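Asker: Quick one: structure below, then a few questions.
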Amino acid sequence: MRQRAALLRTVLQQRSTLLLDEPFGALHVVTRQEQQQWLQLVWDANAWTALLVTRDVRETILLPDRIMGTQPEAGCRMHHCQRRSASPRGIGAVNSAEFIRMERSILQILYSNAAA
(Lines give C-alpha, C1' and ligand atoms only; values in the text may rest on other atoms or scores of the structure.)
Protein backbone atom coordinates (compact mmCIF):
# COMPACT_ATOMS: atom_id res chain seq x y z
CA MET A 1 0.00 0.00 0.00
CA ARG A 2 2.87 2.38 0.76
CA GLN A 3 4.29 1.94 -2.74
CA ARG A 4 0.95 2.78 -4.35
CA ALA A 5 0.56 5.83 -2.11
CA ALA A 6 4.06 7.02 -3.05
CA LEU A 7 3.28 6.50 -6.74
CA LEU A 8 0.03 8.41 -6.40
CA ARG A 9 1.84 11.31 -4.67
CA THR A 10 4.29 11.46 -7.58
CA VAL A 11 1.44 11.48 -10.08
CA LEU A 12 -0.47 14.20 -8.23
CA GLN A 13 2.65 16.38 -7.94
CA GLN A 14 3.07 16.16 -11.72
CA ARG A 15 6.70 15.07 -11.57
CA SER A 16 8.37 14.23 -14.88
CA THR A 17 10.48 11.40 -13.46
CA LEU A 18 9.28 8.31 -11.63
CA LEU A 19 11.53 6.25 -9.38
CA LEU A 20 9.81 2.92 -8.72
CA ASP A 21 11.39 0.34 -6.42
CA GLU A 22 9.38 -2.92 -6.49
CA PRO A 23 6.10 -0.96 -6.82
CA PHE A 24 3.88 -4.03 -7.23
CA GLY A 25 5.88 -6.68 -5.41
CA ALA A 26 3.45 -7.29 -2.54
CA LEU A 27 0.27 -7.33 -4.63
CA HIS A 28 -1.94 -10.25 -5.59
CA VAL A 29 -1.36 -11.29 -9.22
CA VAL A 30 -4.66 -9.85 -10.53
CA THR A 31 -4.22 -6.55 -8.67
CA ARG A 32 -0.60 -6.41 -9.87
CA GLN A 33 -1.68 -6.80 -13.51
CA GLU A 34 -4.35 -4.11 -13.11
CA GLN A 35 -1.82 -1.72 -11.57
CA GLN A 36 0.74 -2.47 -14.29
CA GLN A 37 -1.85 -1.65 -16.97
CA TRP A 38 -2.83 1.55 -15.17
CA LEU A 39 0.82 2.56 -14.84
CA GLN A 40 1.40 2.02 -18.56
CA LEU A 41 -1.56 4.20 -19.49
CA VAL A 42 -0.63 7.13 -17.24
CA TRP A 43 3.07 6.69 -18.00
CA ASP A 44 2.44 7.07 -21.74
CA ALA A 45 -0.14 9.84 -21.31
CA ASN A 46 2.33 11.91 -19.27
CA ALA A 47 5.51 11.09 -21.22
CA TRP A 48 7.38 10.31 -18.01
CA THR A 49 10.88 9.05 -17.64
CA ALA A 50 10.85 6.18 -15.19
CA LEU A 51 13.40 4.01 -13.44
CA LEU A 52 11.79 0.74 -12.41
CA VAL A 53 13.63 -1.63 -10.09
CA THR A 54 12.09 -5.10 -10.00
CA ARG A 55 12.97 -8.76 -9.59
CA ASP A 56 9.88 -9.90 -11.52
CA VAL A 57 11.09 -11.03 -14.96
CA ARG A 58 7.66 -10.66 -16.58
CA GLU A 59 7.23 -7.16 -15.15
CA THR A 60 10.72 -6.38 -16.41
CA ILE A 61 9.67 -7.25 -19.94
CA LEU A 62 6.10 -5.92 -19.88
CA LEU A 63 6.58 -2.38 -18.59
CA PRO A 64 9.77 -0.67 -19.81
CA ASP A 65 11.05 0.10 -23.30
CA ARG A 66 14.66 -0.53 -22.26
CA ILE A 67 15.89 -3.17 -19.86
CA MET A 68 19.20 -2.98 -18.04
CA GLY A 69 20.41 -5.56 -15.58
CA THR A 70 23.49 -6.01 -13.49
CA GLN A 71 25.14 -8.97 -11.86
CA PRO A 72 26.61 -8.63 -8.37
CA GLU A 73 29.87 -10.48 -9.05
CA ALA A 74 33.22 -8.71 -9.41
CA GLY A 75 33.29 -6.61 -12.55
CA CYS A 76 29.52 -6.11 -12.41
CA ARG A 77 28.56 -6.98 -15.98
CA MET A 78 25.75 -4.89 -17.45
CA HIS A 79 23.14 -6.46 -19.72
CA HIS A 80 20.94 -4.30 -21.94
CA CYS A 81 18.13 -4.96 -24.37
CA GLN A 82 15.68 -2.74 -26.22
CA ARG A 83 12.04 -3.62 -26.80
CA ARG A 84 10.75 -3.50 -30.34
CA SER A 85 7.00 -3.47 -29.77
CA ALA A 86 5.08 -0.27 -29.16
CA SER A 87 3.72 0.74 -25.81
CA PRO A 88 1.28 0.28 -24.12
CA ARG A 89 1.48 -3.48 -24.00
CA GLY A 90 -1.52 -5.37 -22.68
CA ILE A 91 -1.52 -8.56 -20.66
CA GLY A 92 -1.87 -10.47 -23.95
CA ALA A 93 1.71 -9.45 -24.79
CA VAL A 94 3.01 -12.25 -22.56
CA ASN A 95 2.03 -14.71 -25.31
CA SER A 96 3.88 -12.90 -28.10
CA ALA A 97 7.00 -14.35 -29.71
CA GLU A 98 9.03 -11.28 -28.72
CA PHE A 99 7.99 -11.53 -25.07
CA ILE A 100 8.82 -15.24 -24.89
CA ARG A 101 12.19 -14.67 -26.60
CA MET A 102 13.09 -11.90 -24.14
CA GLU A 103 11.95 -13.95 -21.14
CA ARG A 104 14.13 -16.88 -22.23
CA SER A 105 17.09 -14.58 -22.80
CA ILE A 106 16.81 -12.92 -19.39
CA LEU A 107 16.30 -16.23 -17.57
CA GLN A 108 19.28 -17.71 -19.40
CA ILE A 109 21.47 -14.81 -18.23
CA LEU A 110 20.20 -15.14 -14.65
CA TYR A 111 20.63 -18.91 -14.45
CA SER A 112 24.03 -18.95 -16.18
CA ASN A 113 25.33 -16.45 -13.63
CA ALA A 114 23.75 -18.29 -10.69
CA ALA A 115 25.59 -21.46 -11.69
CA ALA A 116 28.95 -19.69 -11.95
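Asker: When you check L110 against the structure, is it part of a helix (DSSP H, G or I), modelled with pLDDT under 85 and within 12 Å of the chain's Cα centre (by Cα), yes or no?
Answerer: So L110 fails the test.
Asker: Right, here's the next one. Restricting to the stretch 34-73, name every residue that is touching a helix residue (DSSP H, G or I) at 6+ places or on another chain (Cβ under 9 Å) and either of a type in the set (S, T, N, Q) or touching a residue at least 60 places away in the same chain (Cβ under 8 Å) (or both).
Answerer: Q35, Q36, Q37, Q40, N46, T54, T60, Q71
Asker: If I go through the stretch 42-59 residue by residue, how many of them are over 19 Å from F99 (Cβ atoms) and loosely packed, with under 12 Cβ neighbours inside 10 Å?
Answerer: 5
Asker: Sticking with this one: For a quick check of your reading: which helices (runs of 4 or more DSSP H) sit entirely within the stretch 1-95 and have at least 2 residues that are at pLDDT 80 or above and within 24 Å of L110 (Cβ to Cβ)?
Answerer: In the stretch 1-95, 29-46, 57-62 are the helices (runs of 4 or more DSSP H) which contain 2 or more residues that are at pLDDT 80 or above and within 24 Å of L110 (Cβ to Cβ).
Asker: Give the number of residues within the stretch 11-38 that are among the small types (G, A, S) and more than 12 Å from the chain's Cα centre (by Cα).
Answerer: 2
The values are calculated or read from the model by the stated rules, or taken from the named source; none is laboratory data. This one's a predicted model, so the numbers in the text were calculated from it and none came from an experiment. Backbone-built Cβ (ideal geometry, glycine too); neighbour counts: all protein chains shown.
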